[in-house]
1. Among Leu198, Gly168, Val143, whose Cα lies farthest out toward the positive end of the dipole of the stretch 86-204, if unit charges sit on the beta carbon of Lys, Arg (+1) and Asp, Glu (-1)?
2. 7 Å from Cα along Cα→Cβ at both Val202 and Leu50: what's the point-to-point distance in nm?
3. Give the residue list of trypsin sites (Lys or Arg not before Pro) in the stretch 84-134 that are DSSP loop and have at most 14 other beta-carbon atoms within 10 angstrom.
4. Using the basic label-point model (7 angstrom from Cα toward the beta carbon), what is the Thr149 to Thr180 distance in nanometres?
5. I need the fraction of alpha carbon pairs in the stretch 149-204 separated by more than 16 Å, rounded to a whole percent.
Amino acid sequence: MESCPRNIQCYKESLHSTCRSNDKISPKMMQKVMHHNTLHHSTMKLITLLHEKIKKKNFISQVFIFLILSYLAVFLLAPFLQSEDPTFGRDLSVLKEDGKERNVFILFAVLLSPIIETFIFQWLVYEQLTAFSFFRKRIYLIVLISGGTFGLVHDFSVEYQLVTFVIGCHLCFMYHYFKTYSKWPFLAVFIVHAIRNLISVVFLI
């Protein structure tokens with residue numbers, strides 16, 4: 001992210017070079033190219049600004065910001081989700097019962113599951129794939145692979161897989177961010193995952 005301004009300049013120069021090399025380019029096409037260039041520049045500027053703001057925060061604040069961003073990412077999926085069932089096809093009837101089974105389920109959902117899934121889908125996937133230079137240069141592929149496997153194992157419904165794919169991508173990117181720009185990536189991802197599961201459990205009880 002720290003190289004964003006340089007990337008923007010290179011991108012702009014490449015577009016201008018393309019336009020200069022084609023004398024037959026129409027004014028309409030030129031306008032589209034310049035609009036795309038402006039949009040890309042604005043997006044990269046926003047990302048750079050957000051990165052600089054987050055980087056200056058302490059660990060707890062950074063975790064909180066990524067927690068909010070995780071809900072924002074899912075919120076953006078809302079237009080594509082048709083189901084009105086908050087469980088997305090999951091059998092969570094145990095939460096309506098009193099007793100040991102419900103307590104064990106809550107313990108697993110809020111503590112054990114985030115630990116296990118953070119280990120498998122973020123730590124293991126990220127650390128193993130970054131051992132290869134091909135993937136180290138293409139972090140987005142690691143994020144997509146992590147999110148894809150995370151979504152596939154949550155196969156209660158197609159919509160739930162879509163939601164968990166987005167969450168999985170977010171958590172993997174979060175792992176990368178904390179490993180690169182902050183500290184304790186495993187702990188950071190675990191906390192966000194655990195809080196999300198806790199909020200879901202409380203909401204569904």
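1. With unit charges placed on the Cβ atoms, the residue in question is Val143.
2. Output for this residue pair reads 2.5 nm.
3. On the way: sites: Arg90, Lys96, Lys100, Arg102; in loops: Arg90.
Listed in order of number, the matching sites are Arg90.
4. 2.0 nm
5. 50 percent
Read-outs: derived from the displayed coordinates by stated rules, not from any lab. Just so it is clear, the structure is predicted and the values come from calculations on it, not from any experiment. Neighbour counts are summed over all protein chains in view; Cβ atoms, including those assigned to glycine, are modelled from backbone coordinates with ideal geometry.
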